[in-house]
1. What chymotrypsin sites (Phe, Trp or Tyr not before Pro) does the range 61-94 have in DSSP loop regions with at most 16 other beta carbons within 10 Å?
2. Residue by residue, what Karplus-based ³J(HN,Hα) values in Hz, rounded to whole numbers, does the range 225-232 have, using 6.51, -1.76 and 1.60 with θ = phi - 60° and x for Gly and Pro?
3. Have a look at S221, S236, S69 and tell me which one the Gaussian network model of the chain (Cα, springs below 10 Å) gives the largest fluctuation.
4. If amide H atoms are built 1.01 Å from N in the plane of the peptide, which residues on other chains or at least 5 residues away come under 5 Å of the amide H of A188?
5. Can you list the aspartates and glutamates whose alpha carbon sits under 15 Å from that of K191, skipping same-chain ones fewer than 8 residues off?
6. With θ set to phi - 60°, apply the Karplus curve 6.51 cos²θ - 1.76 cosθ + 1.60 along the range 81-96 and write out the HN-Hα couplings as whole Hz, x wherever there is a Gly or Pro.
7. Using the count of nearby Cβ atoms within 10 Å as a rough guide to exposure, how do D237, D257 rank from fewest to most?
8. What residues qualify as long-range amide H neighbours of V245, i.e. H under 5 Å apart, gap of 5 or more or another chain, H built at 1.01 Å from N?
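Nothing in this text is a laboratory measurement; each read-out follows from the coordinates by a stated rule. Quantities reported herein were computed from a predicted structural model and do not represent experimental measurements. Please note: Cβ atoms are built from the backbone with ideal geometry, for glycine as well, and neighbour counts cover all protein chains shown.
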Amino acid sequence: MKNCTAVTAEEVFRADRRTVLKALGLAGAYALLPAASFAAPPGAPLTAEKSFTTYNNFYEFGFGKSDPSRRAGAFTGKELILRVDGEVEQSGEFTAEELIRLFGMEERVYAMRCVEAWSMIVPWNGFELGKLLRHARPRPSARFVVFESAALPDRMPAVRAKSFPFPYIEALRLDEAMHPLTLLATGAYGKPLLPQNGAPVRLVAPWKYGFKYAKSLVRISLVAERPLTTWERRASDEYGFYANVNPRVPHPRWPQDTETLFGPGGLRDTVQRPTLLFNGYGEVAPLYAGLDLSVEY
Ligand SMILES: Nc1nc2c(c(=O)[nH]1)N[C@H]1C(S)=C(S)[C@@H](COP(=O)(O)O)O[C@H]1N2
Ligand SMILES: [Mo]
């Protein structure tokens with residue numbers, strides 16, 4: 001959990017922020033990440049970058065794993081602006097570049113567990129979501145954070161075909177969103193996110209199933225009431241609001257006690273391993289004290 005660009009961000013704050021970062025640019029910010037700085041969590045090497053960028057779930061581009069990388073073509077994500085609003089004192093609109101300028105960029109190597117029982121070890125680049133939320137200053141009425149993905153009919157074939165209830169909506173409780181593990185990712189493997197991985201900015205909450213990690217965000221809204229998320233609406237018996245990784249809560253279509261981990265050698269290089277409660281991030285357990293995790297799944 002090394003903060004690769006903290007120094008840079010601070011220097012930039014101290015200098016004339018505008019001029020320096022204009023010169024630096026987004027590519028510059030990534031160039032400043034030290035090479036080969038990715039420390040894998042114990043016992044698991046990083047998943048091949050190629051697997052991460054070609055085996056995807058991004059239903060806006062189709063339901064097949066290769067649809068997002070094959071069909072993202074006209075969508076770069078660069079055009080998107082993230083709006084932060086709702087129960088906050090200071091709403092705002094940000095490009096990815098502005099977010100990095102304001103909140104810095106660090107690298108976090110996290111395990112990502114999809115509810116379909118596969119997993120990857122990914123070196124994310126981004127910043128703690130809490131930094132952005134504190135900047136927006138939540139009102140006392142704010143209890144949940146809603147994440148809305150882009151839904152662009154002219155760029156996203158499945159949005160055009162209305163084959164799923166878009167826009168894709170996800171949400172966290174405010175305290176989950178403020179947890180230091182929760183990131184807004186702007187990159188991975190030391191590069192800006194590719195369209196198929198949710199450019200320019202996506203959510204990452206490593207103790208939850210991957211479907212919570214809403215991609216290509218256009219809006220983060222703080223609200224008082226728990227919203228109905230896309231997957232709950234679709235099949236609430238299969239996908240709960242919390243979606244905490246839990247080997248003891250079975251899913252009707254996939255075993256949740258083990259998973260197929262994609263290794264460094266490509267999609268055929270896999271190992272089976274046991275799935276851990278909270279995907280191994282046990283430090284989040286206090287967030288759920290008093291909740292029956294088999295009911296609130
Ligand atoms: N907007 C949007 N976000 C999404 C999805 C999606 O279909 N649309 N799929 C989710 C699922 S099920 C998973 S497992 C992860 C996959 O992220 P990756 O393709 O970058 O590995 O993205 C999540 N975020
Ligand atoms: Mo998933």
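1. Listed in order of number, the matching sites are F63.
2. 9, 5, x, 8, 8, 4, 6, 5
3. Greatest mean-square fluctuation among the candidates belongs to S236.
4. N125, L193
5. K191 reaches E49, E97, E106, E107.
6. 10, 9, 9, 10, 7, x, 7, 9, 6, 10, 7, x, 10, 9, 8, 4
7. Least to most surrounded, the residues fall as D237, D257.
8. K208, Y209, F278, N279
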